[in-house]
Amino acid sequence: MKNVVVLVSGGGTNLQALIDAVDAGTVKNAVISAVISNKENAYALTRAKEHGIASECISPKSFENQDAFADALLDAFDRYKADLVVLAGYLVIVPKKVIKSYAGRIMNIHPSLIPSHCGPGYYGLHVHESVLARGNKVTGATVHFVDEGTDTGPIILQKAVEVRDDDTPEVLQKRVMEEAEWKILPQAVSLFAEDKLQIVNGTVKVK
Ligand code: GRF
């Protein structure tokens, strides 16, 4: 069994999708060993508690510098015996030290088809506003491994979602979550846990 530690900042619907998929057995060979938030009042922490999953708040604001924050995260990953770290709506830049220590073992969900509408500043509703402003007819979601850039790591899974003429950013965000994010995040975690992912020359091959 692989231990998955999930990092969250907000509502945690992606976390919920993961919890449900683990319970249903569609995510194989994985258990969520902890949920960590940078925000004490994140509803995602409540979801974890309700499911008997260990949870804690580690805020970068409580540390003197990035290095101390990085050490606190690494210590938590050790304590929860993390094999995989999942960023599920985590709005904090992960310190480089953590990325280096967990290379190929941190994945993120991004609500667009990377390399469109991603990079610094593209988070939350901004992503969907950008899609609508450009007039894209198709958008989607991407699960990727995390490297030292913003949304630049090897792509694991993507799923396309239709954009409709009367969409608002909020309506589009909801459709992208329902039709893409909540599906491909559990799938990617399962592929990792079953040792089916291989990074070859910066791209991911599914074995
Ligand atoms: C999702 O759109 C995710 O892709 C993004 O932040 C949002 C988090 O939503 N990066 P939730 O907390 O999982 O409900």
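Each value in this text was obtained by applying a stated rule to the coordinates, not by laboratory testing. Predicted, not measured: the structure shown is a model, and the values here were computed from it. With ideal geometry, Cβ positions are generated from the backbone for all residues, glycine too; neighbour counts draw on all protein chains shown.
Cα centroids of segment 33-57 and segment 103-153: how far apart, whole angstrom? Going from one Cα centre to the other spans 24 Å. For segment 71-163, GluC sites (Glu not before Pro) are listed when DSSP marks them as loop and at most 15 other Cβ atoms sit within 10 Å of their Cβ; the list is Glu148.
For the chain, the Kirkwood hydrodynamic radius from C-alpha pairs, put into Stokes-Einstein at 25 °C and a viscosity of 0.890 mPa s, yields a diffusion coefficient of 143 µm² per second.
The length gained on full extension between Lys97 and Tyr43, counted as 0.36 nm times the residue separation minus their Cα-Cα distance, comes to 16.7 nm. For Val27, the residues whose modelled amide H falls within less than 5 Å of its own, excluding neighbours fewer than 5 places apart on the same chain, are Val22. The mean sequence distance of close C-alpha pairs (under 8 Å, at least 6 residues apart), as a share of the length of the chain, puts its relative contact order at 21 percent. With both residues required to sit in segment 1-160, DSSP beta bridges show an antiparallel share near 35%. Measuring r between the beta carbons of Lys137 and Glu56 and using R0 = 41 Å, the FRET efficiency lands at 0.45.
In this rough spin-label picture, where each label sits 7 Å from Cα along the Cβ direction, the Thr168-Thr152 distance is 3.6 nm. Pairs over the 25 Å Cα-Cα cut-off, from the set Lys183/Lys205; Lys49/Lys97; Lys39/Lys174: Lys49/Lys97.
Distances between placed amide hydrogens fall under 5 Å for Ile32 paired with Val4, all partners being 5 or more residues away or on another chain.
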